[in-house]
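The values are calculated or read from the model by the stated rules, or taken from the named source; none is laboratory data. All values derive from a computational prediction rather than experimental measurement. Positions of Cβ are generated from backbone atoms using ideal geometry, with glycine treated the same way; all protein chains shown enter the neighbour counts.
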Amino acid sequence: MMMNRRTFSAALVAGAAASLISTRSMAANSIAVKASNVVLVHGLFADGSCWSEVIARLQAAGINATAVQNPLTTLPEAVESAQHVLDRQDGPTVLVGHSFSGMIVTEAGVHPKVSALVYVAARAPDADEDYGALAKTFPTPPATAGIVFDGDEGRLSEEAFLRDFAGDLPEAKAKVLYAVQEPFHKALLIGRTTHAAWRSKPSYYAVSTEDRTINPDLERFMAKRMNAKTIELKASHLSLISHPDEITALILEAAGHHA
């Protein structure tokens, strides 16, 4: 069938639009690359040991898992710490971040060894986006009021930690986690990402529906914006500890494995 100029132009525009839609959706719809490495990054009020439950399950599945010890000083230094660990991996690697470390995943996720991204109740800004301004468009979560500062170092009060951060964990376990929380520097909070790796890498998101540290609707917004494969867990901010089986399964899916 012959195509006149008007029909051809319309087809060209439609094709271009489809191409744009396809590119935007590519991150979530791509088939997962088989990865044998997983790098996990912790956020504020924690250290690398918060991933212990997930790491044990990943290791049982034959995955090489490494937790980054996030310095919690500045965003560039935190990103650099993750990049050093990524450099040591021997092939495709899933990069996983909890809470604040979604900033690190978003920035460091452009690393050539990163095959997929997993966000666990995590920040997921766009490039050069003011995350604080974005967060303010949603109701402020209760944990924010529990942040206390000692000079330039911030941490959560014990009351806020137990109630708003680790609310679905046994109190005894939550108190141990509170005792090892790493203080963060104020300078960390002003950093902005210069990349948005989720725009080009397959992305996965675990929303915590009972989260009192990041607003669950903000989590849903960010997951939808990145077109991530999304699960919802009835969990506090620490779903990686209270629901390690589900978080591990999501990571294994991102790595091209079945739980």
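Here Ser49 clears all of (1) under 23 Å from Asp164 (Cα atoms); (2) touching a Cys at 6+ places or on another chain (Cβ under 9 Å) except the condition numbered (2). In the stretch 232-246, the qualifying residues are those that are in contact (Cβ under 8 Å) with a residue 40 or more places away in the chain and outside any loop (DSSP other than H, G, I, E, B), and the one that is surrounded by the most Cβ atoms within 10 Å (Cβ to Cβ) is Leu240. Have a look at Lys201, Lys229 and point out the one that is surrounded by fewer than 24 Cβ atoms within 10 Å (Cβ to Cβ) and either of a type in the set (Lys, Arg) or in contact with a strand residue (DSSP E or B) (Cβ under 6 Å, 6 or more places away or on another chain) (or both). Step by step, each of Lys201, Lys229 is checked, and only Lys229 is surrounded by fewer than 24 Cβ atoms within 10 Å (Cβ to Cβ) and either of a type in the set (Lys, Arg) or in contact with a strand residue (DSSP E or B) (Cβ under 6 Å, 6 or more places away or on another chain) (or both).
Selection of first residues in the stretch 169-192 that are basic (Lys, Arg) and of second residues that are in a strand (DSSP E or B) and crowded, with 18+ Cβ neighbours inside 10 Å, restricted to Cβ pairs under 9 Å at least 6 apart or on distinct chains, gives the following pairs, ordered by first then second residue: Lys186/Gly154. Being in a helix (DSSP H, G or I) and of a type in the set (S, T, N, Q): is that true of Ser115 here? In short, no. Taking the conditions (1) free of Cβ contacts under 8 Å to residues at least 40 places away in the same chain; (2) in contact with an Asp or Glu (Cβ under 9 Å, 6 or more places away or on another chain) in turn, Ala60 satisfies each one other than (2).
Restricting attention to the stretch 33-49, the residues being more than 14 Å from Val118 (Cα to Cα) and surrounded by fewer than 23 Cβ atoms within 10 Å (Cβ to Cβ) number 5. If the condition is being among the hydrophobic types (A, V, I, L, M, F, W, C) and closer than 14 Å to Gly256 by Cα, then the stretch 90-115 contributes Val94, Leu95, Val114.
Would a scan of the stretch 2-17 turn up a residue that is in contact with a helix residue (DSSP H, G or I) (Cβ under 9 Å, 6 or more places away or on another chain) and modelled with pLDDT under 95? Yes; the residues of the stretch 2-17 include at least one that is in contact with a helix residue (DSSP H, G or I) (Cβ under 9 Å, 6 or more places away or on another chain) and modelled with pLDDT under 95. Of the residues making up the stretch 127-169, those that are among the acidic types (Asp, Glu) and either over 18 Å from Met103 (Cβ atoms) or out of contact with any Ser or Thr (no Cβ under 8 Å at 6 or more places or on another chain) (or both) are Asp130, Asp150, Asp152, Glu153, Glu158, Glu159, Asp164, Asp168. If only residues of the stretch 155-168 that are free of Cβ contacts under 8 Å to residues at least 60 places away in the same chain and among the small types (Gly, Ala, Ser) are counted, the one that is surrounded by the most Cβ atoms within 10 Å (Cβ to Cβ) is Ala160.
Residue-level analysis places Ala187 among those that are of a type in the set (A, V, I, L, M, F, W, C), outside any strand (DSSP E or B) and either closer than 16 Å to Asn215 by Cα or more than 18 Å from the chain's Cα centre (by Cα) (or both). Within the stretch 118-147, the residues that satisfy the criterion of being assigned to a helix (DSSP H, G or I) and not small (Gly, Ala, Ser) are Tyr131, Leu134, Pro142, Thr144.
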